[in-house]
Amino acid sequence: MADDSRDKKGFRSREWFGRQDSYGFIYRSWLRNQGHTAEMFDGRPVIGICNSWSDLNPCNGHLRELAEHVKRGVYAAGGFPLEFPVTSLGEALMRPTAMLFRNLASMDVEASIRANPIDGVVLLVGCDKTTPAALMGAASVDIPTIVVSGGPMLSGSWEGRRIGSGTDVIRFKEAVRAGTMSLQEFMAAETAMSPSTGSCMTMGTASTMASLCEGLGVALPGNGAIPAVDARRHAISFEAGKRIVAMTHEGLRLSKILTREAFENAVVLNAALGGSTNAVVHLLAIAGRLGVPFSLDDWDRLGSHVPCLLNLMPSGEYLMEDFFRAGGVPAVLNEIASLLNGNALTVTGRTQAENNAGAVRHDERVILPLDKPFRAKAGIAVLRGNLAPSGAVIKPSAATPELLVHRGRAVVFTSADDLKARIDDPDLPVDKDSMLVLQNCGPRGYPGMAEIGNMPIPAKLLREGITDMVRISDARMSGTAFGTVVLHVAPEAAAGGPLALVRDGDMIALDVPGRSIHLEVDDAELERRRAELKPFVSPYGRGYERLYVDHVMQADSGVDFDFLVGGSGDYVPRESH
Ligand code: FES
Ligand code: MG
């Protein structure tokens, strides 16, 4: 995709600022109203600082402060920094789900970069979807790019014990439903879970994606775990500002870093971190923008045998601040160096192996050694069978080992509303061996593939002390969640997948070691049910939701829009006047 002829023509910003005509006058003159001097138009690279700051996205609320440090670095290295806002996706507030808008934000990022005099870009991101959205957009333009993440919040602490973003909301919620925690206590805990700026401080999707940026080679070493409020977060922002200027001189485009080897490294790292299942769809979508051959099955083939080294929530007990003190992502990358493509090039201009050689693990309670890991064979497993012809995923490190091979009768919910209405019904025909099945919560069905795949355990079972059950859906789950949860079933029910054909009482066999998920109903009966199936009709007649439902691809293709696959490169569009 890289247009190398562009490199020979010099910086693309010259087609704005290098002109001695009325266009050049306009481009320079209006920018001068910000106080920029002639020096800034002398041919130095222009660095876009793509900022997903928003008051509506508290996880990214401090990114304007980080932008100042990036700017200092850009100036120090002789570049011209220009910060611009893009659509921000706040996981906590956005309804029906921030994931619905990931592709929208990626289009914003792509268009904003290409339409403007930008030679290199720093992506300031944090909350879950902001990282993949920005990388997808930047990949479709393919200029030199560095990711700077906002970093995780400080550890939560309540009544003397460590509490983690998301993970403990789920635990507390179940405790209230089980009757072991009062609603009053629950509400009191809300003041203690988010003690500083930054993103969720469990190994949820935000921390997973920030860490995987190191594994992909698109962020400086340390990016994943430095706390949001630590001075070293400012320092790495400054360094990124300096480094992006050099990358523009070197012509080190994103496509030179995001190679097949880089994605392979990220899959291995995700397993070692006990990272989020959401990384599956995000990395598939990013690879799709670059034309890198990378598939759902690569996740299983490359990652499922890799052990998890981290004792972090949701799989374990510690939090990102502990991880940072224990050595952070570089220490993990060094520990698993034998499993990585060490020669993969990174934004430092050095290889993955060179970046992390010598990084030390300082605390074996948090980062365990490769030969005595926290969990063996922990990477994401990809299941197939007549229930998921195009695949489904499960995160064994967050599951109950005894449930990984299980047969049980389906208890079917036809929608998220149906689930909410009936899950705590005392008459629900459910026991601990049942399989909870949720339909119509995938990309088209919800729409936006909501994070509700980790369905609540029925209250009457919680009171019996049941804490986990097999749950199966076309939805996603929060990276902070846990349980024996089969997700991303493809094709989804709303796209006519066999998940839509499951009925109460059907027997389902899950065999994670055997990688299968099978609905024990004969083909003739399934055909009969299919003939009766009403086709999915989206309630959205217009707007972005209409575009989404009409064009979104299935989970095994990364949930991108069909027309966004690939890139259009960094061409300079025609004049505006
Ligand atoms: Fe924003 Fe978790 S809600 S990172
Ligand atoms: Mg999330």
Subject >> Computed FRET value (nearest 0.05) for Asp363 with Ser22, which takes r as the C-beta separation and R₀ as 56 Å >> reply: 0.35
Subject >> Average projection area in nm² (convex hull over Cα atoms of the chain, one quarter of hull surface) >> reply: 26.2
**OP:** Putting +1 on Lys and Arg Cβ atoms and -1 on Asp and Glu Cβ atoms, find which of Gly120, Ser304, Ser538 reaches farthest to the positive end of the dipole of the chain.
**Re:** Gly120
Original post:
Mean shadow of the stretch 1-114, computed from the convex hull of its alpha carbons, in nm²?
Top reply: 9.0
Subject >> Set of the stretch 305-320 residues, backbone N closer than 19 Å to the point 7 Å along the Cα-Cβ line of Lys377 >> reply: 305-310
Original post:
Which ordering of Val489, Val559, Val521 is given by a fewest-first count of other beta-carbon atoms within 10 Å?
Top reply: Val521, Val559, Val489
Original post:
How far, in nm, would the chain grow between His551 and Asp424 when pulled straight, counting 0.36 nm per residue and subtracting the alpha carbon separation?
Top reply: 42.2 nm
**OP:** Using the charge dipole of the stretch 69-191 (Lys, Arg: +1 at Cβ; Asp, Glu: -1 at Cβ; taken about the Cα centre), state which of Met181, Met153, Ser165 has its Cα farthest towards the positive end.
**Re:** Met181
Subject >> Length released on extending from Asp523 to Ser338, taking residue separation times 0.36 nm less the Cα-Cα span >> reply: 62.0 nm
**OP:** Using per-residue counts of other Cβ atoms within 10 Å, averaged over each peptide, order 299-310, 277-288 from highest down.
**Re:** 277-288, 299-310
Subject >> Lone cysteines, the chain (no partner Cβ under 4.7 Å) >> reply: Cys50, Cys200, Cys213, Cys308, Cys441
Original post:
Cα gyration tensor of the stretch 511-577, axes a ≥ b ≥ c as square roots of the eigenvalues: rounded (a/c below 1.5), prolate (a/b > b/c) or oblate?
Top reply: oblate
**OP:** Just rank Phe186, Phe11, fewest to most, by other beta-carbon atoms within 10 angstrom.
**Re:** Phe186, Phe11
Original post:
Remind me, relative contact order of the chain in percent, using alpha carbon pairs under 8 angstrom and six or more residues apart?
Top reply: 15
Subject >> Charge-dipole axis of the chain as Lys and Arg at +1 and Asp and Glu at -1 on Cβ define it, positive-most pick from Ser207, Pro81, Gly496 >> reply: Pro81
Original post:
Could you work out the helix-only [θ] at 222 nm for the chain, with each DSSP H run of four or more residues adding -39,500 (n - 2.57) and the total divided by the number of residues, to the nearest 500 deg cm²/dmol?
Top reply: -10000 deg cm²/dmol
**OP:** Pull out the extension gain between Met187 and Glu39, defined as 0.36 nm times the separation in residues minus the alpha carbon to alpha carbon distance; nm, one decimal.
**Re:** 47.7 nm
**OP:** Counting other beta carbons within 10 Å of each Cβ, put Arg162, Arg102 in order, fewest first.
**Re:** Arg162, Arg102
Subject >> Cα-centre dipole for the chain with unit charges at Cβ (Lys and Arg positive, Asp and Glu negative), debye to 20 >> reply: 1040
Subject >> Packing rank of 548-555, 492-499, 26-33, 363-370, where each peptide gets the mean count of other beta carbons within 10 Å, highest leading >> reply: 492-499, 548-555, 363-370, 26-33
Original post:
What is the magnitude of the charge dipole of the stretch 4-158 about its Cα centre, with +1 placed on the Cβ of each Lys and Arg, -1 on the Cβ of each Asp and Glu, and no other charges, expressed in debye to the nearest 20?
Top reply: 260
**OP:** Could you list, in their original order, any pairs among Lys71/Lys129; Lys420/Lys534; Lys129/Lys460 whose Cα atoms are separated by more than 26 Å?
**Re:** Lys129/Lys460
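Computed from the coordinates by the stated procedures, all read-outs in this text should not be read as laboratory data. These numbers come from a predicted model, not from an experiment. Methodologically, a virtual Cβ is constructed for each residue, glycine included, from the backbone with ideal geometry; neighbour enumeration extends over all protein chains shown.
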